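**Student:** Before anything else, here's the structure in question.
Rule-based calculations on the coordinates, nothing more; no lab input. Quantities reported herein were computed from a predicted structural model and do not represent experimental measurements. Here Cβ is always computed from backbone atoms with ideal geometry, including for glycine, and neighbour counts include all displayed protein chains.
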Protein chains: 2
Amino acid sequence: MERLARRLAVARGDEAADVVVRNGRVFSAFTREWLDVDVAIVDGAIAGLGDYTGRETIDAAGRFVVPGFIDAHMHLESVKLLVEEFARLVLPLGTTAVVADPHEIANVLGVDGVHWLLDASAELQLDVFFMAPSCVPASPFESPRRPLTDGDLEALMRRRRVLGLAEMMNFPGVIGGSPAELAKLALDGAAHVDGHAPGVVGKALHAYAATGIGSDHEALTVEEGRERLRAGMWLLIRDASMARNLDDLLPLVHEFGPGRIAFCTDDRDPEDIADRGHVNGIVRDAVAAGISPEDALLMASLHPATWHGLRRHGAIAPGYQADLVILPDLERFVPDLVLKRGAPIADTPRPPIPEWIRQTVRVRRVTADDFRIPWAGGDARAIGLIPDQVVTESLVRTPRVTDGAACADAGLDLAKVAVLERHLTTGRIGLGFVSGSGLRRGALASTVAHDAHNLVVVGMTDQEMAVAVERLSELGGGIVAVAGDDVLAECPLPVAGLLSDAPLDEVIARSRACNEAAASLGWSGTTPFLTLAFLPLSVIPHLKITDRGLVDVDRFELVPLET
Amino acid sequence: MERLARRLAVARGDEAADVVVRNGRVFSAFTREWLDVDVAIVDGAIAGLGDYTGRETIDAAGRFVVPGFIDAHMHLESVKLLVEEFARLVLPLGTTAVVADPHEIANVLGVDGVHWLLDASAELQLDVFFMAPSCVPASPFESPRRPLTDGDLEALMRRRRVLGLAEMMNFPGVIGGSPAELAKLALDGAAHVDGHAPGVVGKALHAYAATGIGSDHEALTVEEGRERLRAGMWLLIRDASMARNLDDLLPLVHEFGPGRIAFCTDDRDPEDIADRGHVNGIVRDAVAAGISPEDALLMASLHPATWHGLRRHGAIAPGYQADLVILPDLERFVPDLVLKRGAPIADTPRPPIPEWIRQTVRVRRVTADDFRIPWAGGDARAIGLIPDQVVTESLVRTPRVTDGAACADAGLDLAKVAVLERHLTTGRIGLGFVSGSGLRRGALASTVAHDAHNLVVVGMTDQEMAVAVERLSELGGGIVAVAGDDVLAECPLPVAGLLSDAPLDEVIARSRACNEAAASLGWSGTTPFLTLAFLPLSVIPHLKITDRGLVDVDRFELVPLET
């Protein structure tokens, strides 16, 4: 209350502000105007716009002052960085808040992992909001360490900074009226729910929306996006590292205005952020594609805040949090200066990582024999990779048979894939084939493997697959590229098998080395390890693989390798 | 959950809907389109839009299907009807929800009165939402039965259908940082707060907005409205019986779009609703003034719902409450049919009114002498009436002196005004003059007298003023017009001295008779008793009167009658 009284005194002009941003062109999110006003800041909040004096003055002459960018939906774990390192990466790019769905760490470490991430982000300058992971496991075909219960979710949603229920990925369950899924939607705190409805259209989409699930970030086409808007859902336009939907969906902004549209990154790897920027990069690309800077800014600030009910975020107006980005132009969207709660970006300490977060890869020792697929001959299902997409095709291939076993074959562009349960040392392995990777030799493996984050490995020989798995087991998680008995490149991710404890630059260097090693082994796509990571995600069409076997996502059931 | 499962089955097309609205042009609030789709309704909610079958079919061929209208801010008590009678009046006009600030009854009956109103409206078809009255008393110069405490407010805000804190009328207190006012804004449940900032501009407005108060319905000009939008406040365009701001503010819709603008009626008397309609009348007038039907509809449905966080109201989309208005045209906006939660309008029983609600007028017996103003001569402050506005002017007049007392004088267009405390029988009377009423003889009195609802009387002789007061005392409240010893017309309002227990038609007839009687006595404005009712409202500029005396609202202090 003392703070509020001081804010009012500054607003009235009776007391000097802490900081005044002068001479800039200030974006008024509510009227889409550029105002020539001072911005008076006190105690981290905006007191008033107009003619003010302050103890400190920032000159924004000739520059644009816009609200901090907000990522409407993302997974911290995809960035492979500790959250404070992520903050170091994106704050200078103008991202001042993110809404994270921590379902990756929830799969590995249960509610404990989510609480740890909440605690680890509590004192950061970056505002990290959360949604409670709604689908752990994402489907009955996946094996997280343990399922999250309704009680877990209700407790999580009572924590500060937890805004609601994260993407309801079990869309077939929701649409079909599964009591377990409907029970989640009836939980205390679940008035605000993100959606996830890839390819869902028509009556099925209306059923999904009729539950009150209010957003979707899985639309791929104008038609799908239009349907979602008409159904009352917010359209979160995703520009992820692997799923880039921006260009395809921007026509909707021309058609309907930016009304209920917001930007999100969903899954971005660190090198992609280093290369293309973060939310600011989406704004830049949208403007380059013909969207007005004002509309693009709204979709990157006020609109994500509005969708998530963050009342004091996303605009430059009295009483709003003073998250300001000062831009030299409205083309590149690279900030000259970022003020977070009115202050320049400061460094944050690196808190120690507890042991229980680091010891999460528990696979039995494996040998080449564990990957053998006894085969009498004939057709097999194969996962068809689509470059840089999370969706796959369901193909039929005829594997080469050697010594009574189905084998990978570079000539057929057919590699072997395995998913090994890694939380409870059950020894469960799912085996199958992928087509279209381009891999000619060696093996790639990762403990980042959505959503249960068991261990996924793709390889051309059983022996190399075994080497890759053994190496990840030694590292406590990560990604690795193997040829023969040699590790060509690796990026250790010892934190839950998902995150590095190294600084950004090292993570990017190692991640790039892994990508290059994959390319040297023949992999043809640009994002080999992201592709790997989504092979086990059993809620994205069409054919996927988990430790329990192949999943036909359209039929939503396990299917045998044989056709 | 069973309901939700059924809704999904209908949405999917697996079960028949309860009702399907066919062949209409359906307004899509989120895309501003007119869609040629069926609307499938089950259990009072919309299941889906598309091609559906139902047990019952409503043919809307050639007609427009739009979301029910929502009044963003209003006072039930102004309509002078019991809430069920109000519902009977406005539901057929397409109003399916209102957000009411029950501060009138709170002034008369404390929190008990608010709970009674909440209970009385619980089972109605009309959705009646409430905001907790933030300013009882509206200022220290007013005398309600008792002040509402912070604890009262916190308890109220925990009741279902109470959305937040109602208009913060003590804007000088808020802007000045009064600890008592800031404490209210810090209460649990007070994240959502309506504003009331007449004439407040510049830094004072920014101070007001910086507290988080998020709307204002007191803007009178484009400039004021523009400032409010820029400051991040919702602009509630008011079209009340006495304060008609629609035409003055509509240019803002052209300038900025309807984005954060919604319609409200604030204070409407019943005959005005009978004559001009309710929210549908605002839509009609806005369209007649050149606003597109789509924009006008948004400001009357989705936007009020959005401002108040009523997530399942204000649009025709899956999961939304099935409040539908079927219109034959987009000019008159008179519904052919209103569906409330999917059902036609039904009649409601009239519950008994408890005795404690009916016995609220407690004034000491008065005689002419109580109104005498001893006066040696010289200038006096006089309240200058502005026809059909709630604001007044602060004038100086020289009253005629007779027998050592200042008197009313038709020649000077000067009438006497008194406000008598009526809750606790203290006998406190405030005395003064009004200029510009046109009154030539007789007296008008009312127990509707914002906000404390003490008894206000304006008259040309002390004797007639006494007769009018005595009559209201006998009636237990109401409005009355007196000439000599005769009651020319009266409208009893025995419920808290604010509401009638008679049916609508009788109330309108009596109310009109009172207005005609006032005109016959010389009153020149069209809304004599509304004008009377706002004379004691000490938070509207510029000069007002309460039982404690004259209030200079700009200086926010009591001032003597002598200048």
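**Student:** What residues qualify as long-range amide H neighbours of B:ALA322, i.e. H under 5 Å apart, gap of 5 or more or another chain, H built at 1.01 Å from N?
**Tutor:** Under 5 Å from the amide H of B:ALA322 lie the amide H atoms of B:ALA45, B:ILE46, B:ARG341, B:GLY342, each far enough along the sequence or on another chain.
**Student:** Quick check for me: using +1 on Lys/Arg Cβ and -1 on Asp/Glu Cβ, what's the dipole size of region B:216-284 about its Cα centre, in debye to the nearest 20?
**Tutor:** 360 debye
**Student:** Compute the FRET efficiency between A:ALA183 and B:ALA180 as 1/(1 + (r/R0)^6), taking r as their Cβ-Cβ distance and R0 = 30 Å, and round to the nearest 0.05.
**Tutor:** Taking R0 as 30 Å, the efficiency between A:ALA183 and B:ALA180 is 0.10.
**Student:** Additional query: Treating only the Cβ of Lys, Arg, Asp and Glu as charged (+1, +1, -1, -1), what charge dipole size does the protein assembly as shown show about its Cα centre? Round to the nearest 20 debye.
**Tutor:** For the protein assembly as shown, the charge dipole is close to 940 debye.
**Student:** Could you tell me the largest-minus-smallest coordinate of the C-alpha atoms of chain A on each of the three principal axes, in descending order and whole angstroms?
**Tutor:** 87, 49, 44
**Student:** Over region A:102-240, what is the relative contact order in percent, taking alpha-carbon pairs closer than 8 angstrom and at least six residues apart?
**Tutor:** That works out to 17 percent.
**Student:** Once amide H atoms are built 1.01 Å from N in the peptide plane, which residues 5 or more positions from A:GLU33, or in another chain, come under 5 Å H to H?
**Tutor:** Long-range HN contacts for A:GLU33: A:SER28.
**Student:** Considering the dipole of the protein assembly as shown built from charges on the beta carbon (Lys and Arg +1, Asp and Glu -1) around the Cα centre, which of B:LEU93, B:GLY110, A:ALA519 is farthest to its positive end?
**Tutor:** Of B:LEU93, B:GLY110, A:ALA519, it is B:GLY110.
**Student:** May I pose another question? Just tell me which aspartates and glutamates come within less than 16 Å, Cα to Cα, of B:LYS544; anything on the same chain fewer than 8 places away is out.
**Tutor:** Answer for B:LYS544, where 16 Å is the Cα cut-off: B:GLU142, B:ASP388, B:GLU393, B:GLU421, B:ASP451, B:ASP552, B:ASP554, B:GLU557, B:GLU562, listed by chain and number.
**Student:** So, one more: Return the equivalent ellipsoid semi-axes of region A:1-67 as a descending list in whole Å, where each equals the square root of 5 times an eigenvalue of the C-alpha gyration tensor.
**Tutor:** 21, 13, 9
**Student:** Here's a follow-up. Once both axes come from the Cα atoms, what is the angle between helix B:279-288 and the longest principal axis of chain B, in degrees from 0 to 90, rounded to 10?
**Tutor:** 80 degrees
**Student:** Turning to a different aspect of this structure: For peptide B:183-189, what's the mean number of Cβ atoms from other chains within 10 Å of each residue's Cβ?
**Tutor:** 1
**Student:** Could you tell me which residue out of B:THR392, B:ALA122, B:GLY432 lies farthest along the dipole of chain B toward its positive end? Charges go on the beta carbon: Lys and Arg +1, Asp and Glu -1, centred on the Cα centre.
**Tutor:** Towards the positive end, the residue furthest out is B:ALA122.
**Student:** Now a separate question. Which residue, A:ASN280, A:VAL222, B:ALA132, has the largest displacement toward the positive end of the dipole of the protein assembly as shown when charges sit on each Cβ (Lys, Arg +1; Asp, Glu -1)?
**Tutor:** The listed residue farthest towards the positive side: B:ALA132.
**Student:** Per DSSP helix of 4 or more residues, -39500 (n - 2.57); summed, then divided by the residues of chain B. What does that give at 222 nm, rounded to the nearest 500?
**Tutor:** When only DSSP H runs of four or more count, the value is -8000 deg cm²/dmol.
**Student:** Size of region A:25-134 along its principal axes in angstrom, Cα-based, largest extent first?
**Tutor:** Cα extents, longest axis first: 52, 29, 21 Å.
**Student:** Which residues' amide hydrogens lie under 5 Å from the amide hydrogen of A:SER215, considering only partners 5 or more residues apart or on another chain, with H built in the peptide plane?
**Tutor:** Residues meeting the amide H criterion: A:GLY195, A:TRP234.
**Student:** If you add up the charges near A:PRO399, with Lys and Arg at +1 and Asp and Glu at -1, over every other residue whose beta carbon is less than 15 angstrom from its beta carbon, what do you get?
**Tutor:** Counting the neighbours of A:PRO399, the net charge comes to -1.
**Student:** Which of the residue pairs A:LYS80/A:LYS184; B:LYS80/B:LYS416; A:LYS340/B:LYS203; A:LYS203/B:LYS340; B:LYS184/B:LYS416; B:LYS203/B:LYS416 have a Cα-Cα distance greater than 31 Å in the structure shown?
**Tutor:** Table pairs above 31 Å Cα-Cα are B:LYS184/B:LYS416; B:LYS203/B:LYS416.
**Student:** Could you give the nm distance between label points at A:LEU424 and A:THR402, where each point is 7 Å from its Cα heading toward the beta carbon?
**Tutor:** In this crude spin-label approximation the distance works out to 3.6 nm.
**Student:** Quick one: B:PHE30, A:PHE556, A:PHE86, B:PHE130, fewest Cβ neighbours within 10 Å first, how do they rank?
**Tutor:** A:PHE556, B:PHE30, B:PHE130, A:PHE86
**Student:** Here is a further query. Hey, what do the phi angles of region A:140-150 turn into as Karplus ³J(HN,Hα) couplings, whole Hz, using 6.51/-1.76/1.60 and θ = phi - 60°, x for Gly and Pro?
**Tutor:** Using θ = phi - 60°, the values come out as x, 8, 10, 10, x, 4, 7, x, 7, 8, 4 Hz.
**Student:** Right, here's the next one. Would you mind ranking B:PHE263, B:PHE256 by Cβ crowding within 10 Å, fewest neighbours first?
**Tutor:** Ascending Cβ contact count within 10 Å gives the list B:PHE256, B:PHE263.
**Student:** How fast does region A:430-563 diffuse by Stokes-Einstein, in µm²/s, taking the Kirkwood radius from C-alpha pairs at 20 °C and 1.002 mPa s?
**Tutor:** Answer from the Stokes-Einstein relation: 144 µm²/s.
**Student:** Still on this model: Taking θ = phi - 60°, what integer Hz values does the Karplus form 6.51 cos²θ - 1.76 cosθ + 1.60 yield along region B:269-274, in sequence order, with x for Gly and Pro?
**Tutor:** Going residue by residue, I get 8, x, 5, 5, 5, 4 Hz, with x marking Gly and Pro.
**Student:** HN-Hα J couplings of region B:219-234 from phi, Karplus 6.51/-1.76/1.60, θ = phi - 60°, integer Hz, Gly and Pro as x?
**Tutor:** 5, 10, 10, 4, 5, 4, x, 4, 4, 5, 4, 4, 7, x, 8, 6
**Student:** In nm to one decimal, list the spacings between the B:ASP329 label point and its equivalents in the other copies, with label points set 7 Å along Cα to Cβ, shortest first.
**Tutor:** Those separations, rounded to one decimal, come out as 5.5 nm.
**Student:** Work out the mean other chain Cβ neighbour count within 10 Å for the residues of A:226-234 and drop it here as an integer.
**Tutor:** Mean inter-chain Cβ contacts per residue within 10 Å come to 5.
**Student:** How far apart are the A:GLU355 label points across copies, placing each 7 Å from Cα toward Cβ, in nm, shortest first?
**Tutor:** With the label placed 7 Å along Cα→Cβ, A:GLU355 yields 7.6 nm.
**Student:** Moving on to the next point. On the Cα set of region A:484-528, report Rg and Dmax in Å, please.
**Tutor:** Calculated on Cα positions, Rg and Dmax stand at 11.4, 30 Å.
**Student:** Given a Förster distance of 41 Å, report the FRET efficiency between B:ARG158 and B:LEU220 from their Cβ-Cβ distance, rounded to the nearest 0.05.
**Tutor:** Taking R0 as 41 Å, the efficiency between B:ARG158 and B:LEU220 is 0.70.
**Student:** In addition: Which residues among region A:114-131 fall inside the zone where the amide N is under 17 Å from a point 7 Å beyond the Cα of A:ARG341, along Cα→Cβ?
**Tutor:** Those under the cut-off are A:118-130.
**Student:** Output, in nm with one decimal and in ascending order, the distances from the A:LEU558 label point to the matching label points of the other copies (7 Å from Cα along Cα-to-Cβ).
**Tutor:** Distances to the matching label points in the other copies: 8.3 nm.
**Student:** Using the 10 angstrom Cβ neighbour count as an exposure proxy, how do B:SER134, B:SER28, B:SER143 rank, fewest first?
**Tutor:** B:SER28, B:SER143, B:SER134
**Student:** Another question about this same structure. Using a simple spin-label model with points 7 Å from Cα along the Cα→Cβ vector, what separation in nm is obtained for B:ASP369 and A:ASP554?
**Tutor:** 9.8 nm
**Student:** Can you list the residues of region B:96-130 with backbone N under 13 Å from a point 7 Å past the Cα of B:ARG146, pointing along Cα to Cβ?
**Tutor:** What the label zone holds, given the 13 Å backbone N cut-off, is B:107-114.
**Student:** While we're here: Could you compute how fast region B:166-264 diffuses translationally, taking Rh as the Kirkwood radius over C-alpha pairs and applying Stokes-Einstein at 20 °C with viscosity 1.002 mPa s? Give it in µm² per second.
**Tutor:** Calculated translational D: 158 µm²/s.
**Student:** If you place +1 on the Cβ of every Lys and Arg, -1 on the Cβ of every Asp and Glu, and leave all else neutral, what size is the dipole of chain A about its Cα centre, to the nearest 20 Debye?
**Tutor:** With only Lys, Arg, Asp and Glu charged at Cβ, the dipole is about 680 debye.
**Student:** From zero outward in steps of 20 Å, how is the percent of C-alpha pairs of the protein assembly as shown spread across the bins?
**Tutor:** The calculated distribution, bin by bin, is 12, 37, 31, 14, 5, 1, 0.
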